[in-house]
Amino acid sequence: MSVHPQPAPEASATRPAWTLPRLREASARGEKLVMLTCYDATFSRVLDEAGVDILLVGDSLGNVIQGEASTLPVTLEQMAYHTRAVAQGKRSAFLVTDLPFGTYEASPEQAFASAATLMRAGAQMVKLEGGGYTAETVRFLTERGIPVCAHLGLTPQRVHAIGGYRVQGRDDAAAKLLLDDATALAQAGAAFLVLELVPSAVARHISAELPQLMTIGIGAGAGTTGQVLVLHDLLGLTGGTGGKRPRFVRDFTRVPGSAADAPGLSIAQSVAAYVAAVKDGSFPDEAIHGY
Ligand code: KIV
């Protein structure tokens, strides 16, 4: 058995493997970054080949894989299991995994132990939800070599405290608090910041004020460094029957302007359409998808 370290992930046929410094360079060049959730090895390969830059093993797997009503029941072991699967399928994409509810809030030490489990499973960065009070934990992790993606706005792990899945940061005081929290998280060393369900103007302002932070929007307009969607939303598999599709989601399986009964795109084509639309700035269209 070789004792030599594993080689860096191989480049795919068309692009080198993303690393954090390469993502920073791309973002500094003004390139839009494309993130998409992913939960297994097969989709990992398909999404990577379709050009997705960053795969997120989101705790949304509680909703879309397990059928739970919220992300709260998801465990660290389940996140590690799905992270391992996604890591096996990808070649170039960067891999971020959510720290699930109850595995990081108690102390920086608890967060480090949980993050280490996910990094051993193949994550290259961990994501955690919450405002400036998590800055101490973000600093603790980044100082110890664990890159961090913060998450503000609608934070689904706090759904019961918030009282539902609704737009955040609508009034001036709430928007200022978001900027203050984002500033604290950036100063603590967070590399990415997911902004979920916040008015476009607020996300644009935070992104402009904190250029060292790569902001990734979902339901946050077009002014962020990149975009993220839940894979099942992109594929039109959620919200179609019974529920209402959220305003910020576009069904990428449909060719824009095609008749409702026209044949849809394949999964690979749909994901490639999402990648192209984020890269060329046509998604999200704030008039349709913004708040
Ligand atoms: O869990 C998840 O999928 C997420 C995205 C919605 C950003 O956190």
Legend entry - Largest-first ordering by accessible area, 1.4 Å probe, given options D53, D285, D181: D285, D181, D53
Legend entry - Structure-based [θ]222 nm, the chain - -39500 (n - 2.57) summed over DSSP H runs of at least 4, per residue, nearest 500: -10500 deg cm²/dmol
Legend entry - Hits among lysines - C-alpha to C-alpha of K90 under 30 Å, sequence gap 8 or more where chains match: K32, K127, K279
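Taking the Cα centre of the stretch 177-291 as origin and charging only Cβ (+1 Lys, Arg; -1 Asp, Glu), how large is the dipole, in debye to the nearest 20? All intermediate terms of the calculation are to be shown ahead of the outcome.
On the way: 7 positive and 10 negative charges, 52 e Å.
Charge dipole, the stretch 177-291, about its Cα centre: 260 debye, nearest 20.
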Inset, instruction - Find the accessible area per residue for the stretch 20-289; the probe is 1.4 Å, ligands and nucleic acids are left out, and the unit is Å². - result: 41 Å²
Inset, instruction - For the stretch 70-196, build the charge dipole from Cβ charges (+1 Lys, Arg; -1 Asp, Glu) around the Cα centre, then report which of T97, F192, H160 sits farthest towards its positive end. - result: T97
Inset, instruction - Between beta-carbons, use under 13 Å as the cut-off and find the net charge around A260, counting Lys and Arg +1, Asp and Glu -1. - result: -1
Inset, instruction - Starting with the highest mean, order 87-99, 26-38, 216-228, 162-174 by the number of other Cβ atoms within 10 Å, averaged over the residues of each peptide. - result: 216-228, 87-99, 26-38, 162-174
Legend entry - Options P263, G219, S70, ranked by Cα towards positive dipole end of the chain, top entry (Cβ charges): P263
Legend entry - Cα-centred dipole magnitude for the stretch 20-289, charges only on beta-carbon of K, R (+1) and D, E (-1), debye, nearest 20: 380 debye
Legend entry - Charge dipole (the chain, unit charges on Cβ, about Cα centre) - positive-most of L61, L20, M119: L20
Legend entry - Solvent-accessible area, 1.4 Å probe, carbon plus sulfur percent, for the stretch 153-264: 54 percent
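The values are calculated or read from the model by the stated rules, or taken from the named source; none is laboratory data. Quantities reported herein were computed from a predicted structural model and do not represent experimental measurements. With ideal geometry, Cβ positions are generated from the backbone for all residues, glycine too; neighbour counts draw on all protein chains shown. What goes into the accessible areas is simple: the full protein's heavy atoms, side chains included, and nothing from ligands, DNA or RNA. Shrake-Rupley method; radii C 1.70, N 1.55, O 1.52, S 1.80 Å.
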